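Just below is one structure, and these are the notes that go with it.
The values are calculated or read from the model by the stated rules, or taken from the named source; none is laboratory data. All figures in this text were calculated on a predicted structure; none of them were measured in a lab.
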Amino acid sequence: HFLKEISTGSDLSTMDVIYPGSPLYIYQSPDLAYNLLISTLEYANNATNVSYNLAWCPHHLGKYPVGYILPSHQEQMPVEETANMHLMLSAIAQQKGNSTDFIDPKYWPLLKIWADYLVSTTFDPADQLCTDYFMGKSASNANLAIKGIIALGAYAQLMEFKGDTANAEKYMGIARNYTAYWMEH
């Protein structure tokens, strides 16, 4: 697990800390990169009995050394972290020869919930934090919108690699429509 902000509490497996290093991990060892994501997927999939039940990817797993935190005590960055997860999983799938066989089947419903969250928010993101949280929350954040749109394309790509053509086309179509909106606005 990665630690973040050791001086302020030692957050474990923070998605916006894992994400920037992920290209190197994915290139060198896609299996290791996926293993870095499993604890977050397990936490969000309620395997830890935390009752996560939120429509987006968690920001982190808690404080070192326990690594348990109630979702209500999380620093939430819904679009940011959800996009990070989809982008990393798609990149891992590409590195593994356009295969999604490495993704445990129990995570697919969770990934769809997160993709649908991006559909519901990425068109015009609500007032929320992003990695640049020192600025505070911001609504209609273009950086979040663009990242979320690219992540919808990444999810569509995962569906394509999985052989789910209908959902691949559906989510890629949404990503294209949102792209057209943001290019104009």
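Below, the figures for the structure above:
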{"item": "Enumeration of residues in the range 118-166 that are part of a helix (DSSP H, G or I), of a type outside the set (A, V, I, L, M, F, W, C) and at pLDDT below 80", "result": "Tyr133"}
{"item": "Those residues of the range 56-105 which are in a loop (DSSP other than H, G, I, E, B), modelled with pLDDT of 90 or more and under 15 Å from the mean Cα position of the chain (by Cα), in sequence order", "result": "Ile103"}
